[in-house]
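First comes the structure, then the notes that go with it.
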Amino acid sequence: DAEEYQPPIWKSYLYQLQQEAPRPKRIICPREVENRPKYYGREFHGIISREQADEILAGVEGAYILRESQRQPGCYTLALRFGNQTLNYRLFYDGKHFVGEKRFESIHDLVTDGLITLYIETKASEYISKMTTNPIYEHIGYATLLREKVSRRLSRTKNESRKASVTSEENTPVEKITSLVRRAALTQNDNHFNYEKAHNFKVHTFRGPHWCEYCANFMWGLIAQGVRCSDCGLNVHKQCSKYVPNDCQPDLKRIKRVYCCDLTTLVKAHNTQRPMVVDSCIREIEARGLKSEGLYRVSGFTEHIEDVKMAFDRDGDKADISASIYPDINIIAGALKLYFRDLPIPVITYDTYSKFIEAAKISNPDERLEAIHEVLMLLPAAHYETLRYLMIHLKKVTMHEKENFMNAENLGIVFGPTLMRPPEDSTLATLNDMRYQKLIVQILIENEDVLF
């Protein structure tokens, strides 16, 4: 197992360059400067010219001072010596110091990071431009020895838990296995519902040396050296993130809740075909609520609906929503509607919203149905499957219209704004589109056997 693991070849060239980069040298002003900003130290030299700054820094690689602009009083400049010349950068402060995107607690950290970046980009610009051409991400041969064993472990643990984790039979973590290997194993063996999902990259500051899991090169700098996927933990350079395929395998340890979580992220994390909230609520409603008068129109108590939400967030698919806990079926119906309303991307996505609205405006019924079908094909797979399953359920609700008084039109009124929202948060657009939202859902219900 761990003994057979062959680690990837992490490329150390950029790490070596970072170690060689000039160290910052603060040049203190020999006199007391009046009106020195409180967030600058003795490296502030007041109002001096570029030429004076150049004289102060001459011959000392990595030396720096701060000065106030002669031309624009109240504007400050970082003067930095690098490559036998003085570089001047407009300096800003908003609680942290910055000259570009990165924000630093101290000027010293800003200069340290700047010198590392300047040095590496000067020495290795051609290398950096080519470092994505032969990524280890696409040639993870070192993972193949583990895949069979990982697959066996996963199949043994799957019945006990839906969580996808790579552990040995004795519950000893195989600590040497990188997240890259783990994802490869999951992709090969444990993802029955192979929905495509883009990584959710966010700028990240890595503590200690880190290497990119796409190109295997060192991630240089003092802060914000790269990006990390907040759903699966993949660590890559910002420039490498553009080339990573949409194969994110969310880790349950990173998905802290069920409601307000991206739909595709949730189903991939739990390895389910649809969100478990949808399955559980629909199962409960069909078991005991199809004949309930005003189903989905009558509201349950808000605090009880919030209790159901908290139960799913806390317990996942083990949440107890049975009649013994929630005898009023409207609470379960309300929890299902709340789940759809809380989605960061609606079931009918922002990307397809306008196309659905345009399709609804077509007067010829056959052409309208064909247009709606074409737009349905544009939905992400997990969204399509969730919508399909919900429409089958709502069709069953309409079959009990005599008891529940809910036909397709009534359900369209309820679910139109729940399942689709305009991309721009405009009250006017929402009001103008409401009748088309209702019509879309009504058509989806009435024609679910044709459209899906």
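The figures follow:
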item	result
Å² of accessible area per residue within region 348-448, as computed with a 1.4 Å probe and no ligands counted	48
Added length on full extension, which subtracts the Cα-Cα distance from 0.36 nm per residue, E32 to T133	31.0 nm
From phi via Karplus (6.51, -1.76, 1.60), per-residue ³J(HN,Hα) for region 198-205 in Hz, x at Gly/Pro	6, 6, 9, 6, 9, 4, 9, 9
Helical contribution to [θ] at 222 nm, DSSP H n ≥ 4, -39,500 (n - 2.57), averaged over the chain, rounded to 500	-13000 deg cm²/dmol
Surface share of carbon and sulfur [accessible, 1.4 angstrom probe, percent] for the chain	48
Length added when fully stretched, D279-N88, from 0.36 nm per residue minus Cα-Cα	62.7 nm
Region 348-448: Cα Rg divided by the 2.2 N^0.38 Å rule of thumb	1.03
Charge dipole (debye, nearest 20) of the chain; +1 at Cβ of Lys and Arg, -1 at Cβ of Asp and Glu	1060
Estimated FRET transfer efficiency (R288, A198; beta-carbon r; R0 35 Å; 0.05)	0.35
Within straight-line cross-link reach of K96, lysines at Cα separation under 19 Å, skipping those fewer than 8 residues along the same chain	K38
Structure-derived Rg and Dmax of the Cα atoms in Å: which label, when the choices are (1) 23.8, 75; (2) 29.0, 91; (3) 24.9, 81	(2)
Rel. contact order, % - alpha carbon contacts under 8 angstrom, at least six apart, region 348-448	37
Helix 350-360 vs. the chain, principal-axis angle (Cα, 0 to 90°, nearest 10)	40
Karplus 3J(HN,Hα) series, Hz, for region 15-29 with 6.51 cos²θ - 1.76 cosθ + 1.60 (x for Gly, Pro)	5, 4, 5, 4, 5, 7, 4, x, 8, x, 10, 7, 9, 7, 6
In sequence order, calculated HN-Hα J values of region 45-62 (Karplus, 6.51, -1.76, 1.60; Hz; x Gly/Pro)	10, x, 7, 9, 7, 4, 5, 5, 4, 4, 5, 4, 8, 3, x, 10, 4, x
Within straight-line cross-link reach of K242, lysines at Cα separation under 24 Å, skipping those fewer than 8 residues along the same chain	K11, K102, K123, K130, K197, K202, K268
Nonlocal amide H pairs with I27, under 5 Å, H built at 1.01 Å	Y64
Relative contact order of the chain, pairs being alpha-carbon contacts under 8 Å that are 6 or more residues apart, as %	11
Added length on full extension, which subtracts the Cα-Cα distance from 0.36 nm per residue, D342 to Q16	112.6 nm
Accessible surface of S299 - all protein chains present, 1.4 Å probe, nearest 10 Å²	90
Amide H contacts under 5 Å for T205, placed H, 5+ residues apart	A224
Accessible area (Å², per residue) of region 207-283, counting only protein heavy atoms and a probe of 1.4 Å	34
Computed E for D328/E424 - FRET, C-beta separation, R0 35 angstrom, nearest 0.05	0.45
Acute angle (nearest 10 degrees) that the helix 276-288 long axis makes with the longest principal axis of the chain, alpha-carbon atoms	20
Degrees between helix 381-398 axis and first principal axis of the chain (Cα, 0 to 90, nearest 10)	30
Links that overshoot a 21 Å alpha carbon limit, given the list K355/K396; K238/K355; K256/K318	K355/K396; K238/K355
In nm, spacing of pseudo-spin labels at D317 and K361 (7 Å Cα→C-beta vector)	4.2
Relative contact order, percent, region 199-253 [alpha-carbon distance under 8 Å, six or more residues apart]	37
Cut-off under 5 Å, modelled amide H: who pairs with D251 long-range	C232
Rounded FRET efficiency, nearest 0.05, which uses the C-beta distance separating K253 from E61 and R0 of 56 Å	0.80
Those lysines that a straight Cα-Cα span of less than 24 Å connects to K402, excepting residues fewer than 8 apart in one chain	K291, K337, K438
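The values are calculated or read from the model by the stated rules, or taken from the named source; none is laboratory data. Not measured: the values here are computed from a predicted model. Cβ atoms come from the backbone with ideal geometry, glycine included; neighbour counts cover every protein chain shown. For the accessible areas, the whole protein counts, side chains as well, though only heavy atoms, and no ligand, DNA or RNA atoms are used. Shrake-Rupley method; radii C 1.70, N 1.55, O 1.52, S 1.80 Å.
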